[in-house]
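A.B. asks: Quick one: structure below, then a few questions.
The values are calculated or read from the model by the stated rules, or taken from the named source; none is laboratory data. All values reported here derive from a predicted model rather than from experimental measurement. Please note: Cβ atoms are built from the backbone with ideal geometry, for glycine as well, and neighbour counts cover all protein chains shown.
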There are 2 protein chains.
Amino acid sequence: MPRRIVVIGGGAAGMSAASAARRADSTAEVTVWEQGPFPSYGVCGLPYYLGGVISDPESLIAYPAAEFRERRRIDLRLDSVITSVDLEAHLVVDSDGAEWGYDALVYAAGAQPIVPSIPGVDDPRVMTVRRLEDAIELRARLGTARRGVIVGAGYVGLEMAEALHACGLDVTVMDRLSRVMTTVDPDVAAIIQTETERHCTLLLDAELRALHSHDSHIDVEYDGGTIPTDVVVLAVGVSPSTGLVSDLAALPNGALIVDEQMRTSAEDVYAAGDCIAVHHRVLGEPAFVPLGPAANKTGRVAGTVAGGGEATFAGVVGTAVVKVFDLTVAHTGVTLEEARARGWRAEATQVTAKSRAKYYPGAEPIIVRLVHKPDGRVIGAQLVGRDGVAQRINVVAAALQVGMTVDDIAELDLAYAPPYSPVYDPLIQAAQAAVLARGRG
Amino acid sequence: MPRRIVVIGGGAAGMSAASAARRADSTAEVTVWEQGPFPSYGVCGLPYYLGGVISDPESLIAYPAAEFRERRRIDLRLDSVITSVDLEAHLVVDSDGAEWGYDALVYAAGAQPIVPSIPGVDDPRVMTVRRLEDAIELRARLGTARRGVIVGAGYVGLEMAEALHACGLDVTVMDRLSRVMTTVDPDVAAIIQTETERHCTLLLDAELRALHSHDSHIDVEYDGGTIPTDVVVLAVGVSPSTGLVSDLAALPNGALIVDEQMRTSAEDVYAAGDCIAVHHRVLGEPAFVPLGPAANKTGRVAGTVAGGGEATFAGVVGTAVVKVFDLTVAHTGVTLEEARARGWRAEATQVTAKSRAKYYPGAEPIIVRLVHKPDGRVIGAQLVGRDGVAQRINVVAAALQVGMTVDDIAELDLAYAPPYSPVYDPLIQAAQAAVLARGRG
């Protein structure tokens, strides 16, 4: 009798898991339950569809349903909801009350946007953008809107600000904190803030109180006043969608704890994607870092192991990159703030270098900030600039993977040609400065 | 009495050495002898001045002479030639016959273009481009030239081809080998060849025989025919300028052997830059790889140690990048050809991936070729494409530094956002393919 592998969630993690399970076990029955109408699309691409960079929303879909159903022989059920999971009995129950037994369950239900508990959030002009359906609806609204308010100045909020600005809206971004993007240190956040303010109104230390609906507009009430707007986008974070499996071991926010083979605390239950905590190699503990690459990788591992194969996930070091208008912001590891909040002794060295040879057209300043321990070990980096930032962070990501010191980075043999780099790459310059600072320190 | 530190050569290595010596010993007499009229300019920028990307040749000069003379208190002697070195007596002799004693000598005379021994190379319209003076002279000639022949299809030849093409010349590139760029494997060279042929005539397996001067033009005679041209650029490689110190231990081509502190085989004599062999960490032996970053770094180390300080150079892994028309070509480590020529068991895995999310504008194919040993250890990589190539090679450069395997690279936590990368970075895709190939192999 073929093994029954059930996957809850048809996003990147779920479809990776289902595909990997099929590769690992060619005879298993692999079933995916996805509550929405689309399988496996690029959530990270939604801001670019909204902003008009991409015209066809379906281009965000990695593979059509037929690819999964026919080529990979996966029973992909769209618009199909699982309402409960019985971990003891090894079965799931669908919205019609039917029971489906499993030999292995991969839980990949993702994460959902946090909606603040304030009056007025149920107005249809108040939106979150996590699903392709949301984006299609919001895109339609943007045709007539003149003004938009984004709540939340994290990376998603800033991507949404760029998208709405690209649609011609007057955009206000508000955040209850005194800064944007807490994934970078304040010095770097200040640069992002300046860039945001070139295009939007930025309200910091602004606590959202209520949303007041009118026929013609919405009034956004915060502790410093009221802003009229046509559309509100909530971007205050996401929480893992783990309500169906609340008995499983999890972080306080609900993110499921898994081992390196994506096993949860229940027998035959695996989890992957934005609903899990991943092993953070720099922190040395599980962390909730819901990003696309880990969703794909953990999905693949969960599906492989659920299908009887061998695979492990080594964890993350916390690498991410985001486009904020004309800036690229990239970071990996921990910030100085985070390190010190954990009681670690750490320092940061920050330099401004050129992205290319100073005489070559297109050379732009790059700010490189390295966070390191007293013994020189690098524990994080932040890069920001208009040119050559996105891939440079990956060198530090590789360095974090193996515990390199600032001396090690200063010794790297990085590529040089005038169109691409100064003769001392910005990363080398930062590392050299850190080596010198340690020598003096 | 202050120590006398003499530096021969005022290029990147020599001026780095002089500056580092000054930092290490604030009272030393630091003297630099440079035979040309300009200190420390970016040789790698010459093609971009020639091609008109950069209009002012002086912008290639890293620092004006006054910076070295006044701020750094270096006795910088331009247009000044040392004609002999007496290693026993610790002195150098200038072109006027005057003797200058040294306590420490840093030899940084660089490398000179190889000029083939064929008839006709002394025509002033036949040039090499290694010095800023050469480039200024050639640039003047390009004003009236309609046709150009480049001899040599290595990276310098291809850069020169792009430069002459940018000036509106009909360009022919010829090479005696059957391919361009031997620093990459044939599969990758074929892509570069196609790009070159979009803009130039490429003659391979073409052995230069003679140059015949006429008032109106030059006839370039090779084993397959004759090409009339207005200007000829020789780009068949460089050789270390080590004639003054031929008693020092060296590779067969004359490149000086140094230790990790840049000491040569003679007492109190250090060497740096394009005249030395650097430690190649992948090959595990000294290699002649005359590139800018190592010139700067070895100059700094030589000067620091000559000045009584402590510094070491860890070597290179063979990283380089070059722009060939609209392509970027980057490589690090060794090619499969080189590995096998050394009798190493090695394989290559090559994938074509997208530089960005497939739906994001500007996504271009990137070819990633990983060269690895049977145990999975990566020993080289080649990347080629129109977008996102130059910095990606640096991740592999870091991987080579620590001996990562293809599995390690597949596990790297690389940055993802649609404008910059697919969710599985091209490097990860290549590493995953290599892991799978090993599993099957």
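A.B. asks: Quick test of your reading of the structure: A:Pro47 fulfils all but one of (1) more than 12 Å from chain B (Cβ to nearest Cβ); (2) in contact with a Pro (Cβ under 9 Å, 6 or more places away or on another chain); (3) closer than 24 Å to A:Pro290 by Cβ; (4) not basic (Lys, Arg). Name the failing condition by number.
C.D. replies: A:Pro47 satisfies all of (1) more than 12 Å from chain B (Cβ to nearest Cβ); (2) in contact with a Pro (Cβ under 9 Å, 6 or more places away or on another chain); (3) closer than 24 Å to A:Pro290 by Cβ; (4) not basic (Lys, Arg) except (1).
A.B. asks: Tally the residues that are crowded, with 24+ Cβ neighbours inside 10 Å and within 24 Å of A:Arg141 (Cβ to Cβ), restricting the search to the stretch A:12-42.
C.D. replies: Total meeting the criteria: 2.
A.B. asks: Something else now. Only residues that are of a type in the set (Ser, Thr, Tyr) and facing chain B (nearest Cβ under 8 Å): list them for the stretch A:288-330, please. Steps first, please.
C.D. replies: Filtering the stretch A:288-330 down to residues of a type in the set (Ser, Thr, Tyr) leaves A:298, A:304, A:312, A:319, A:328.
Residues satisfying the conditions are A:Thr319, A:Thr328.
A.B. asks: Looking only at residues that are of a type in the set (Gly, Ala, Ser) and surrounded by fewer than 21 Cβ atoms within 10 Å (Cβ to Cβ) in the stretch A:257-287, which one is farthest from the other protein chains (Cβ to nearest Cβ)?
C.D. replies: Initially, the stretch A:257-287 is screened for residues of a type in the set (Gly, Ala, Ser), giving A:265-266, A:271-273, A:277, A:284, A:287.
Applying the additional criterion that residues be surrounded by fewer than 21 Cβ atoms within 10 Å (Cβ to Cβ) yields A:265-266, A:284, A:287.
On the way: A:Ser265: 24, A:Ala266: 26, A:Gly284: 15, A:Ala287: 12 Å.
Applying the filter and picking the extreme gives A:Ala266.
A.B. asks: Out of everything in the stretch A:93-116 that is crowded, with 24+ Cβ neighbours inside 10 Å and among the aliphatic types (A, V, I, L, M), what residue ends up being farthest from A:Ala206 (Cα to Cα)?
C.D. replies: Step one: list which residues in the stretch A:93-116 are crowded, with 24+ Cβ neighbours inside 10 Å, which gives A:104-111.
Now restrict to residues that are among the aliphatic types (A, V, I, L, M): A:104-106, A:108-109, A:111.
Details: A:Ala104: 47, A:Leu105: 43, A:Val106: 40, A:Ala108: 35, A:Ala109: 32, A:Ala111: 26 Å.
Selected residue: A:Ala104.
A.B. asks: Now a separate question. Filter the stretch B:416-441 down to the residues that are touching a Lys or Arg at 6+ places or on another chain (Cβ under 7 Å) and assigned to a loop (DSSP other than H, G, I, E, B), then identify the one that is farthest from the other protein chains (Cβ to nearest Cβ).
C.D. replies: Of everything passing the filter in the stretch B:416-441, B:Pro422 is farthest from the other protein chains (Cβ to nearest Cβ).
A.B. asks: Limited to the stretch A:221-237, what total is found for residues that are in contact (Cβ under 8 Å) with a residue 40 or more places away in the chain and out of contact with any helix residue (DSSP H, G or I) (no Cβ under 7 Å at 6 or more places or on another chain)?
C.D. replies: Narrowing the stretch A:221-237 to residues in contact (Cβ under 8 Å) with a residue 40 or more places away in the chain: A:222, A:227-237.
Of the ones still in play, those that are also out of contact with any helix residue (DSSP H, G or I) (no Cβ under 7 Å at 6 or more places or on another chain) are A:222, A:227-230, A:232, A:234, A:236-237.
Qualifying residue count, the stretch A:221-237: 9.
A.B. asks: Out of all the residues in the stretch B:369-415, which are outside any helix (DSSP H, G or I) and facing chain A (nearest Cβ under 7 Å)? Explain how you work it out, then say what you get.
C.D. replies: Looking only at the stretch B:369-415, we keep the residues that are outside any helix (DSSP H, G or I), and these are B:369-391, B:403-405, B:411-415.
Listed by number, the residues that qualify are B:Gly388, B:Ala390, B:Gln391, B:Glu411, B:Leu412, B:Asp413, B:Leu414, B:Ala415.
A.B. asks: Identify all residues within the stretch A:56-83 that are more than 21 Å from A:Arg3 (Cβ to Cβ), among the small types (Gly, Ala, Ser) and surrounded by 14 or more Cβ atoms within 10 Å (Cβ to Cβ); write none if there are none.
C.D. replies: Listed by number, the residues that qualify are A:Ser59, A:Ala62, A:Ala65.
A.B. asks: If I go through the stretch A:192-213 residue by residue, how many of them are of a type outside the set (S, T, N, Q), part of a helix (DSSP H, G or I) and surrounded by fewer than 16 Cβ atoms within 10 Å (Cβ to Cβ)? If you could, list the steps in order and put the result at the bottom.
C.D. replies: First pass over the stretch A:192-213, keeping only residues of a type outside the set (S, T, N, Q): A:192, A:195, A:197-200, A:202-212.
If we keep only those that are part of a helix (DSSP H, G or I) as well, we get A:192, A:195, A:197.
This time we only want the ones that are surrounded by fewer than 16 Cβ atoms within 10 Å (Cβ to Cβ), so: A:197.
So the count comes out to 1.
A.B. asks: Ok, one more. In the stretch B:156-191, how many residues are among the hydroxyl-bearing types (Ser, Thr, Tyr) and in a helix (DSSP H, G or I)? Reasoning before the result, please.
C.D. replies: Here is the first cut: in the stretch B:156-191, the ones among the hydroxyl-bearing types (Ser, Thr, Tyr) are B:172, B:178, B:182-183.
Pick out the ones that are also in a helix (DSSP H, G or I) and you get none.
Here the count works out to 0.
A.B. asks: Looking at the stretch A:137-163 only, could you name the residues that are out of contact with any strand residue (DSSP E or B) (no Cβ under 8 Å at 6 or more places or on another chain) and either surrounded by 15 or more Cβ atoms within 10 Å (Cβ to Cβ) or at pLDDT 95 or above (or both)? If you could, list the steps in order and put the result at the bottom.
C.D. replies: Within the stretch A:137-163, the subset out of contact with any strand residue (DSSP E or B) (no Cβ under 8 Å at 6 or more places or on another chain) is A:139-140, A:143-144, A:154, A:156, A:163.
If the condition is that a residue be out of contact with any strand residue (DSSP E or B) (no Cβ under 8 Å at 6 or more places or on another chain) and either surrounded by 15 or more Cβ atoms within 10 Å (Cβ to Cβ) or at pLDDT 95 or above (or both), then A:Arg139, A:Gly154, A:Val156, A:Ala163 are the ones that fit.
A.B. asks: OK, next. Only one of these is under 25 Å from A:Met160 (Cβ atoms), touching a strand residue (DSSP E or B) at 6+ places or on another chain (Cβ under 7 Å) and not small (Gly, Ala, Ser): A:Pro39, A:Pro2, A:Pro47. Name it.
C.D. replies: Details: A:Pro2 fails: under 25 Å from A:Met160 (Cβ atoms); A:Pro47 fails: touching a strand residue (DSSP E or B) at 6+ places or on another chain (Cβ under 7 Å).
None of the other options fit; the residue is A:Pro39.
A.B. asks: Please tell me if B:Glu133 is more than 14 Å from every other protein chain (Cβ to nearest Cβ), among the charged types (D, E, K, R), at negative phi and touching a Gly at 6+ places or on another chain (Cβ under 9 Å). Please lay out each step first, then the result.
C.D. replies: Numbers: more than 14 Å from every other protein chain (Cβ to nearest Cβ): yes; among the charged types (D, E, K, R): yes; at negative phi: yes; touching a Gly at 6+ places or on another chain (Cβ under 9 Å): yes.
Considered against the rule, which asks whether it is more than 14 Å from every other protein chain (Cβ to nearest Cβ), among the charged types (D, E, K, R), at negative phi and touching a Gly at 6+ places or on another chain (Cβ under 9 Å), B:Glu133 comes out as yes.
A.B. asks: Kindly indicate which of B:Asp96, B:Asp79 is out of contact with any strand residue (DSSP E or B) (no Cβ under 6 Å at 6 or more places or on another chain), among the charged types (D, E, K, R), free of Cβ contacts under 8 Å to residues at least 24 places away in the same chain and in a loop (DSSP other than H, G, I, E, B). Working first, answer last.
C.D. replies: Details: B:Asp79 fails: free of Cβ contacts under 8 Å to residues at least 24 places away in the same chain.
Only one candidate passes the filter, namely B:Asp96.
Here's the yes/no breakdown for (1) touching an Asp or Glu at 6+ places or on another chain (Cβ under 6 Å); (2) farther than 30 Å from A:Leu46 by Cα; (3) assigned by TED's automatic domain parsing to the domain that holds B:Ala410:
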| position | (1), (2), (3) |
| --- | --- |
| B:Arg340 | no, yes, yes |
| B:Trp344 | no, yes, yes |
| B:Ala348 | no, yes, yes |
| B:Val351 | no, no, yes |
| B:Ser355 | yes, no, yes |
| B:Ile366 | no, no, yes |
| B:Pro374 | no, yes, yes |
| B:Val378 | no, yes, yes |
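A.B. asks: Next question, about the same structure. I'd like the full set of residues that are of a type in the set (A, V, I, L, M, F, W, C) and modelled with pLDDT of 95 or more, limited to the stretch A:13-44. Give the derivation first.
C.D. replies: Going residue by residue through the stretch A:13-44, those that are of a type in the set (A, V, I, L, M, F, W, C) are A:13, A:15, A:17-18, A:20-21, A:24, A:28, A:30, A:32-33, A:38, A:43-44.
The answer is A:Ala13, A:Met15, A:Ala17, A:Ala18, A:Ala20, A:Ala21, A:Ala24, A:Ala28, A:Val30, A:Val32, A:Trp33.
A.B. asks: Separate question: Might you let me know whether the stretch A:348-357 holds any residue that is within 8 Å of chain B (Cβ to nearest Cβ) and hydrophobic (A, V, I, L, M, F, W, C)?
C.D. replies: yes
A.B. asks: Do we have A:Val171 as among the β-branched types (Val, Ile, Thr) and closer than 30 Å to A:Leu336 by Cα here?
C.D. replies: On the way: among the β-branched types (Val, Ile, Thr): yes; closer than 30 Å to A:Leu336 by Cα: no.
Answer is no for this residue.
A.B. asks: Mind listing just one residue for me: the one in the stretch B:238-256 that is farther than 17 Å from B:Asp86 by Cβ and hydroxyl-bearing (Ser, Thr, Tyr) and, of those, surrounded by the most Cβ atoms within 10 Å (Cβ to Cβ)?
C.D. replies: B:Ser241
A.B. asks: Can you confirm whether the stretch B:126-136 contains a residue that is within 28 Å of B:Met262 (Cα to Cα), at pLDDT 95 or above and either of a type in the set (Ser, Thr, Tyr) or not in a helix (DSSP H, G or I) (or both)? Talk me through it step by step, then tell me what you get.
C.D. replies: Filtering the stretch B:126-136 for residues within 28 Å of B:Met262 (Cα to Cα) gives B:129-132.
Adding the requirement that they be at pLDDT 95 or above leaves none.
The answer is no; no qualifying residue exists.
This table checks each residue for (1) in the same structural domain as B:Ala271 (by TED's automatic domain parsing); (2) closer than 18 Å to B:Val171 by Cα.
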{"residue": "B:Ile192", "(1), (2)": "no, yes"}
{"residue": "B:Thr201", "(1), (2)": "no, yes"}
{"residue": "B:Ala206", "(1), (2)": "no, yes"}
{"residue": "B:Ser213", "(1), (2)": "no, no"}
{"residue": "B:His217", "(1), (2)": "no, yes"}
{"residue": "B:Tyr222", "(1), (2)": "no, yes"}
{"residue": "B:Thr226", "(1), (2)": "no, yes"}
{"residue": "B:Leu244", "(1), (2)": "yes, no"}
{"residue": "B:Leu248", "(1), (2)": "yes, no"}
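A.B. asks: Let me ask something else. On the basis of being away from chain A (no Cβ under 14 Å), assigned to a loop (DSSP other than H, G, I, E, B) and either buried (at least 24 other Cβ atoms within 10 Å of the Cβ) or over 22 Å from the mean Cα position of the chain (by Cα) (or both), does B:Arg345 make the cut?
C.D. replies: Values: away from chain A (no Cβ under 14 Å): yes; assigned to a loop (DSSP other than H, G, I, E, B): yes; either buried (at least 24 other Cβ atoms within 10 Å of the Cβ) or over 22 Å from the mean Cα position of the chain (by Cα) (or both): yes.
Judged against the criteria, B:Arg345 is a match.
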